[in-house]
Amino acid sequence: MKEPKTSFGIRIDEDLVKDLDKIVKESDDLNVSRSEVVESILMAYFKSDTDHVKKARELIIRKRKEKI
């Protein structure tokens, strides 16, 4: 049984939008949307064997210091 989905708005850098759009364009045969791509990336991330809180915090700090 599918779990219910929740919609929420996000703001992302234009470079990330370009990357998402590239994936959408190259997956034309799947008729995929940006939302589906983002959901797939998040699903893969959370199913990975890592400390998600630690990794997210590390990435946030690096982004804020403009190191990524």
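Figure note: Glu14, Glu39 ranked by solvent-accessible area, largest first, 1.4 Å probe, ligands and nucleic acids not counted: Glu14, Glu39. Taking a Cβ cut-off of under 12 Å around Ile41, the surrounding Lys, Arg, Asp and Glu residues balance to a net charge of -1, with basic ones at +1 and acidic ones at -1.
Rolling a 1.4 angstrom probe over segment 14-65 with all protein chains present gives an accessible area of which 54% lies on carbon and sulfur atoms. Per residue, the chain exposes 102 Å² of accessible surface when a 1.4 Å probe is rolled over the protein heavy atoms with every protein chain present. For the chain, applying the loop criterion from DSSP together with a ceiling of 15 other beta carbons within 10 Å to the chymotrypsin sites (Phe, Trp or Tyr not before Pro) yields Phe8. For the chain, modelled as a GNM with alpha-carbon contacts under 10 angstrom, which of Leu20, Leu30, Leu42 fluctuates the most? Sorting by GNM fluctuation, first place goes to Leu30.
Radius of gyration (Cα atoms) of the chain, expressed as a multiple of 2.2 N^0.38 Å: 1.30. Kindly provide the helix-only [θ] at 222 nm of the chain, computed as the sum of -39,500 (n - 2.57) over DSSP H runs of four or more divided by all residues, to the nearest 500 deg cm²/dmol? The helix-only estimate for the chain comes to -19000 deg cm²/dmol at 222 nm. Counting charges near Val32 (Lys, Arg +1; Asp, Glu -1) among other residues having Cβ under 15 Å from its Cβ returns a value of -4.
The values are calculated or read from the model by the stated rules, or taken from the named source; none is laboratory data. All values derive from a computational prediction rather than experimental measurement. Please note: Cβ atoms are built from the backbone with ideal geometry, for glycine as well, and neighbour counts cover all protein chains shown. Surface areas here come from the heavy atoms of the whole protein model, side chains and all, with no ligands, DNA or RNA. Shrake-Rupley method; radii C 1.70, N 1.55, O 1.52, S 1.80 Å.
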